[in-house]
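**Student:** Please find one structure pasted underneath; my questions will follow.
The values are calculated or read from the model by the stated rules, or taken from the named source; none is laboratory data. As the structure is a computational prediction, the values presented were derived from the model and not from experiment. For neighbour counting, all protein chains shown are included, and Cβ atoms are generated from backbone atoms with ideal geometry for every residue, glycine included. Keep in mind that these areas ignore ligands, DNA and RNA; they rest on the heavy atoms of the full protein, side chains included. Shrake-Rupley method; radii C 1.70, N 1.55, O 1.52, S 1.80 Å.
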Amino acid sequence: MPGVVIVGAQFGDEGKGKMTDYLASRADCVVRYQGGNNAGHTVVIGGHEFRLHIIPSGIFYPGKVCVIGNGMVIDPEALFQELDDLLNQRLKLARLCISDRAHLLLPYHVRLDEAEENCRGAERIGTTKRGIGPAYTDKVARLGFRTSELLEPGWEKRLEAMALEKNHILKQLYGSEGDEPEQVIDWMRRYAERMRPFLTDTSLVLAELAAEGKHILFEGAQGTMLDIDHGTYPFVTSSSPTAGGACIGAGVGPTAVNLVLGVCKAYLTRVGEGNFPTELDGPDGEEIRKRGREFGTTTGRARRCGWIDLVMLRYAARVNGLNGLLITKLDVLDSFPAIRLCNAYTCSGGTIREFPASQRLLQTFKPVYEDLEGWQQDTSGVRRYEDLPAAARRFIERIGEVTGLPVMAISVGPDREQTIMLQELSRQAHK
Ligand code: IMP
């Protein structure tokens, strides 16, 4: 089955929305397989900016199927707000299906996220405060509330018991207030009716599409370094953005995937807490933030900026089994006289070439940089690789050499057209 997974190869915010949108135009179905409305995918169409948080990026293509997979946690209020925003703009949309096995993100998850973060003090993760961690905690603790429960009578009773229990935790443990159970039930009732027609066994939908030879795109949110297993734990999200997560979160086997693409920026950004060795505190970081408009799509927070880290990218290539890289925001580096790439770290013990498990260790690592000449030319209008300045091509080639991955596309601006294709991605996918 032609299945393509697209993942963030860094800390999220790599510009996956734009690349997914491009690939979605060539797929029949787009599936989100993890996360919730902590994600923020910006898609620019004809100068118009659309921000998606829960709905897959394929939604802009009528005639296609968009799936919210079982691996997601869904805040129904956020979902329908997003859907209504799109409908109000009179856009023609894809067919939306929601997994009957996905978990609902409820008001008490948001309250718990806030309370837990406040309690962590200096140890805080810097979550998006959308309730993601607590919703996944309930899922794994087998206390979750799945969408399919809305199809059965008596869900109100269970929700009432859950809300009461959470209120107890909020009060006794965190000294904060919860919502009255009746309020939570009323809130859920508001969205239950609307949600029911969308609910289905999405694994079956995907299997049927695959049997018809349709092309499926699995859209990762966040990024490899925020993965619960492979990221910079504990400064991670609570799901599995890496490629393996696509199988679990969509209900397909590994044989459903035949191409894995990693998206990375030409530099590095991070929101929230946690170390990253190439972070720039001074004017270079400020310049990247300004030129790259590095402010969170979901929370508006200023992103921390730094040079590209190839140790991290090599690691991402390994844990995702990447077949190729899509590099975004090359144009943001247009103004720099010199560009740095980190391809190792040093510490008292010598040179480190592999990404460590320990955050304490990572904190002590210093980046080893390779310096390249900048190009100091506007690349935003370039559409063919040969037309890029030689120094920019050298930079791209070095990323390819050090990671051992083919660079398949380069983005030089937010619009759909501002893309340099090095290889026809859809052909790669369907070889
Ligand atoms: P949570 O997913 O809200 O629990 O946040 C956990 C960590 O992941 C925090 O550092 C967030 O800033 C980060 N995070 C979550 N979603 C995104 C995203 O879509 N892009 C970038 N960072 C994210």
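**Student:** Name the pairs: first residue in the range 28-41 and open to solvent by less than 10 Å² (accessible area, probe 1.4 Å) and of a type in the set (A, V, I, L, M), second residue within 16 Å of the ligand (Cβ to nearest atom) and assigned to a loop (DSSP other than H, G, I, E, B), Cβ to Cβ under 8 Å, at least 6 apart or on different chains?
**Tutor:** V30/P56; V31/P56; A39/G12; A39/H53; A39/I54; A39/A221; A39/Q222; A39/T298
**Student:** A further question follows. With the requirement that a residue be within 16 Å of the ligand (Cβ to nearest atom), open to solvent by less than 10 Å² (accessible area, probe 1.4 Å) and assigned to a strand (DSSP E or B), what does the range 298-322 give you? Before the answer, list the steps.
**Tutor:** Going through the range 298-322, the residues within 16 Å of the ligand (Cβ to nearest atom) turn out to be 298-306, 309, 312, 316.
With the extra rule that they be open to solvent by less than 10 Å² (accessible area, probe 1.4 Å), the set shrinks to 305-306, 309, 312, 316.
Within the range 298-322, C305, G306, D309 qualify.
**Student:** If we keep just the residues of the range 1-20 that are within 16 Å of the chain's Cα centre (by Cα) and more than 16 Å from the ligand (Cβ to nearest atom), which is surrounded by the most Cβ atoms within 10 Å (Cβ to Cβ)?
**Tutor:** Within the range 1-20, the subset within 16 Å of the chain's Cα centre (by Cα) is 4-20.
So of that shortlist, the ones also more than 16 Å from the ligand (Cβ to nearest atom) come out as 4-5.
Working: V4: 26, V5: 30.
If we take residues in the range 1-20 being within 16 Å of the chain's Cα centre (by Cα) and more than 16 Å from the ligand (Cβ to nearest atom), then V5 is surrounded by the most Cβ atoms within 10 Å (Cβ to Cβ).
**Student:** Take the residues of the range 280-293 that are touching a residue at least 40 places away in the same chain (Cβ under 8 Å) and open to solvent by less than 10 Å² (accessible area, probe 1.4 Å): which is nearest to the ligand (Cβ to nearest atom)? Can you show your working first?
**Tutor:** Taking the range 280-293 and keeping what is touching a residue at least 40 places away in the same chain (Cβ under 8 Å), we get 284, 287-288, 291-292.
From what is left, the residues that are open to solvent by less than 10 Å² (accessible area, probe 1.4 Å) are 288, 292.
Numbers: I288: 16, G292: 14 Å.
Checking each candidate, the answer is G292.
**Student:** Additional query: Taking into account only those residues within the range 323-335 that are open to solvent by 10 Å² or more (accessible area, probe 1.4 Å) and touching a Gly at 6+ places or on another chain (Cβ under 6 Å), which is farthest from P406 (Cα to Cα)?
**Tutor:** D331
**Student:** Testing P356 on (1) under 22 Å from E401 (Cβ atoms); (2) in contact with a strand residue (DSSP E or B) (Cβ under 9 Å, 6 or more places away or on another chain), one condition comes back false. Which one is that?
**Tutor:** Here P356 meets the rest and fails (1).
**Student:** Also: May I ask you to say which residue of L362, L341 is within 16 Å of the ligand (Cβ to nearest atom) and either open to solvent by less than 20 Å² (accessible area, probe 1.4 Å) or under 30 Å from G131 (Cβ atoms) (or both)?
**Tutor:** Details: L341 fails: within 16 Å of the ligand (Cβ to nearest atom).
Being within 16 Å of the ligand (Cβ to nearest atom) and either open to solvent by less than 20 Å² (accessible area, probe 1.4 Å) or under 30 Å from G131 (Cβ atoms) (or both) holds for just one of L362, L341, which is L362.
**Student:** Hey, does the range 260-279 have a residue that's surrounded by fewer than 19 Cβ atoms within 10 Å (Cβ to Cβ), away from the ligand (no atom under 16 Å from the Cβ) and assigned to a loop (DSSP other than H, G, I, E, B)? Don't jump to the end; show me each part of the working.
**Tutor:** So in the range 260-279, the residues surrounded by fewer than 19 Cβ atoms within 10 Å (Cβ to Cβ) come out as 273, 275, 279.
Next cut, away from the ligand (no atom under 16 Å from the Cβ) only: none.
No; the residues of the range 260-279 include none that is surrounded by fewer than 19 Cβ atoms within 10 Å (Cβ to Cβ), away from the ligand (no atom under 16 Å from the Cβ) and assigned to a loop (DSSP other than H, G, I, E, B).
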